[in-house]
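Enquirer: Take a look at the following structure, please.
The values are calculated or read from the model by the stated rules, or taken from the named source; none is laboratory data. Keep in mind that this is a model prediction, so the values were computed, not measured. When we count neighbours, we look across all protein chains shown, and the Cβ atoms used for this are built from the backbone with ideal geometry, even at glycine. Just the protein is used for accessible areas: all its heavy atoms, side chains included, with ligands, DNA and RNA removed. Shrake-Rupley method; radii C 1.70, N 1.55, O 1.52, S 1.80 Å.
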Amino acid sequence: MSFLDHIIRFTGPFNLTGLTAVTVPCGFAKEIPVGMQIVGPAFGEGKILNVADVFEKSYPELKQKPVALGR
């Protein structure tokens, strides 16, 4: 898989369809950070950013640096 294919495989469908998307940290898998994509309708940036903000404020512990990066 090429580098470009690797970095756009999760965002490409939303870019092509015009949907809005944002990614927020949602935990760790074997000390590696994991993100969650929140997707909304076209021109729905305000809605998805509000959802992302509420999620991040509800789970502040998920924003910690992974051990490998020195917490």
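Enquirer: Out of everything in the range 51-71 that is open to solvent by 100 Å² or more (accessible area, probe 1.4 Å) and either of a type outside the set (D, E, K, R) or in contact with a Phe, Trp or Tyr (Cβ under 6 Å, 6 or more places away or on another chain) (or both), what residue ends up being modelled with the lowest pLDDT? If you could, list the steps in order and put the result at the bottom.
Expert: Within the range 51-71, the subset open to solvent by 100 Å² or more (accessible area, probe 1.4 Å) is 57, 59, 63, 65, 69, 71.
Imposing the further condition that a residue be either of a type outside the set (D, E, K, R) or in contact with a Phe, Trp or Tyr (Cβ under 6 Å, 6 or more places away or on another chain) (or both) reduces the set to 59, 69.
On the way: Tyr59: 90, Leu69: 59.
Checked the range 51-71; the qualifying residue modelled with the lowest pLDDT is Leu69.
Enquirer: Restricting attention to the range 6-36, which residues are on the phi > 0 side of the Ramachandran plot and of a type in the set (Lys, Arg)?
Expert: Taking the range 6-36 first, the residues on the phi > 0 side of the Ramachandran plot are 18, 27, 30-31.
The one that is on the phi > 0 side of the Ramachandran plot and of a type in the set (Lys, Arg): Lys30.
Enquirer: Oh, and also: Any idea how many residues of the range 1-10 are free of Cβ contacts under 8 Å to residues at least 24 places away in the same chain, in a loop (DSSP other than H, G, I, E, B) and surrounded by 10 or more Cβ atoms within 10 Å (Cβ to Cβ)?
Expert: 1
Enquirer: Which of the following residues is touching a strand residue (DSSP E or B) at 6+ places or on another chain (Cβ under 6 Å) and β-branched (Val, Ile, Thr): Ile8, Ile48?
Expert: Working: Ile8 fails: touching a strand residue (DSSP E or B) at 6+ places or on another chain (Cβ under 6 Å).
Result: Ile48 is the single residue among Ile8, Ile48 that is touching a strand residue (DSSP E or B) at 6+ places or on another chain (Cβ under 6 Å) and β-branched (Val, Ile, Thr).
Enquirer: Would the range 30-41 turn up any residue that is touching a Lys or Arg at 6+ places or on another chain (Cβ under 9 Å) and part of a helix (DSSP H, G or I)?
Expert: No, the range 30-41 has no match at all.
Enquirer: Can we say Leu16 is surrounded by 14 or more Cβ atoms within 10 Å (Cβ to Cβ) and either in a helix (DSSP H, G or I) or charged (D, E, K, R) (or both)?
Expert: On the way: surrounded by 14 or more Cβ atoms within 10 Å (Cβ to Cβ): no; either in a helix (DSSP H, G or I) or charged (D, E, K, R) (or both): yes.
The answer is no for Leu16.
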